[in-house]
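First comes the structure, then the notes that go with it.
Throughout, read-outs are computed from the coordinates displayed, never taken from laboratory work. Model, not experiment: these values are computed from the prediction. As a convention, Cβ positions derive from the backbone with ideal geometry for all residues, glycine included, and neighbour counts pool all protein chains shown.
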Amino acid sequence: MTEEIGRFISIDGVNGAALAEAARDAFSGAGRGPGGISSWDASGVFSEMVCGGDEAGRPSARTLLLLYASDLMFRLRWEIEPALAEGKTVVAAPYVETAAAFGRAAGLSGGWLANLFRFARPAGERHIVDAVPPRSGAKPTGFAEFACDQLSGHVLGLTREQLMARTVRQLALAAARANRRS
């Protein structure tokens with residue numbers, strides 16, 4: 001008996017609303033049976049973190065990325081892998097590139113990030129959404145927005161906007177590397 005493998009698409013970027021729209025578009029255009037869209041915070045770990053309030057303190061970039069990796073493992077185990085095994089289409093928005101770009105923007109090494117996400121299944125199709133980051137003060141709907149809000153002023157003395165701009169640059173570099181490989 002052969003295991004059926006569905007179609008796996010990743011969508012990465014810094015604007016959560018644009019990622020959600022791109023994920024819906026990719027999923028509706030996939031044309032391969034039902035499946036779904038896997039979004040960050042499926043495990044609820046970030047929602048719980050917000051409930052902790054200011055007395056919980058500000059997390060570090062490493063802490064945010066370790067939590068993201070944990071959430072991604074949850075998504076893979078309970079959302080992505082089962083659907084793919086049934087031959088369904090799954091769109092992950094965001095996936096690894098968003099988190100890795102944020103980590104590099106926050107000063108973490110590429111080696112540490114590659115090691116952290118080595119468990120993640122490679123997507124069959126990868127897309128990076130080139131959308132302008134939302135303004136400061138807007139409710140964060142994406143991981144990059146949330147993470148930059150959490151670390152504003154605490155990482156390398158950068159403002160939210162500077163950290164977001166660095167994340168955008170890192171995503172552009174990731175897209176350029178992916179284009180060279182294909």
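Tabulated data for the structure shown
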item: Cubic angstrom per residue, convex hull over Cα atoms of the stretch 105-168; result: 106 Å³
item: Built amide H within the under 5 Å cut-off of ALA92, gap 5+; result: ILE9, SER10, ILE11, SER38
item: Table column - 3J(HN,Hα) (Hz), the stretch 139-151, Karplus curve with 6.51, -1.76, 1.60, x for Gly and Pro; result: 5, x, 10, x, 4, 4, 4, 4, 5, 5, 5, 5, 9
item: Nearest-0.05 FRET efficiency for GLN162 and ARG62, computed from C-beta distance (R0 22 Å); result: 0.70
item: Fraction of antiparallel bridges per DSSP, the chain only, in percent to nearest 5; result: 0 percent
item: Long-range amide H partners of ILE128 with built H, under 5 Å; result: ASP12
item: Cα coordinate range in the chain, projected on the principal axes (Å, largest first); result: 54, 37, 31
item: For GLY87, residues with placed amide H under 5 Å, excluding near neighbours; result: GLY6
item: Inverse mean reciprocal Cα-Cα distance (Kirkwood Rh) of the stretch 11-110, Å; result: 14.7 Å
item: D_trans [Stokes-Einstein, Kirkwood Rh over alpha-carbon pairs] for the stretch 138-182, 10 °C, 1.306 mPa s, µm² s⁻¹; result: 139 µm²/s
